[in-house]
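Student: Pasting a structure here, questions to come.
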Amino acid sequence: MTDQHKRSLLKVAALSALASAALMGCGKKEEPAPAPAAPAPAPVAAAPAAPEPLKVAFAYVGPVGDGGWTFAHDNGRKAVEKEFGDMLFSLVNAARLYKIDPDAALERTNLKFIKRFNYLEEQTLVKGRSLHDMSLAEMDLIWEEAKKFDK
């Protein structure tokens with residue numbers, strides 16, 4: 001198994017954990033329905049009902065200016081945060097299993113980010129522009145250009 005393949009598997013596992021945590025955190029726990037007093041008689045010659053199309057709706061009612069942040073959203077954030085911590089812990093242990101120093105890997109990534117961001121700032125000044133005035137797409141072009149120097 002190559003290092004690239006191992007990294008791909010770790011990324012897939014990490015994204016799966018985050019997605020499942022987000023879905024669990026935002027979901028609504030349903031109360032069990034009370035049991036009916038007497039069983040309803042079954043229709044004698046009823047044809048099977050056609051399945052209804054899926055209907056999805058979202059209604060948000062809250063105070064003005066809260067940005068749509070509800071109690072359910074906050075619970076979802078907390079669930080994702082918990083799962084994210086578990087995922088980070090697992091990634092560190094996986095790194096140790098593959099004889100990778102997690103501190104060194106994180107430091108290398110931080111240095112790579114700093115180098116790319118410095119390049120972005122320099123190129124912005126060379127063009128006589130400000131990062132505040134640039135669109136994300138413009139910054140992304142320079143960022144991709146900075147990646148070429150990493151190799």
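Rule-based calculations on the coordinates, nothing more; no lab input. In this text the structure is predicted, and so the values were computed from the model without any measurement. All Cβ positions, even for glycine, are placed from backbone atoms using ideal geometry, and neighbour counts span all protein chains on display.
Student: What number comes out for the charge environment of residue 112, summing +1 per Lys or Arg and -1 per Asp or Glu over other residues with Cβ under 10 Å away?
Tutor: +2
Student: Mind checking the dipole of segment 98-141: about its Cα centre, +1 per Lys or Arg Cβ, -1 per Asp or Glu Cβ, Debye to the nearest 20?
Tutor: Taking the Cα centre of segment 98-141 as origin, the dipole is about 140 debye.
Student: Any of 127/147; 82/112; 82/115; 78/99 with alpha carbons more than 23 Å apart? Name them for me.
Tutor: Pairs exceeding the cut-off: 82/112; 82/115; 78/99.
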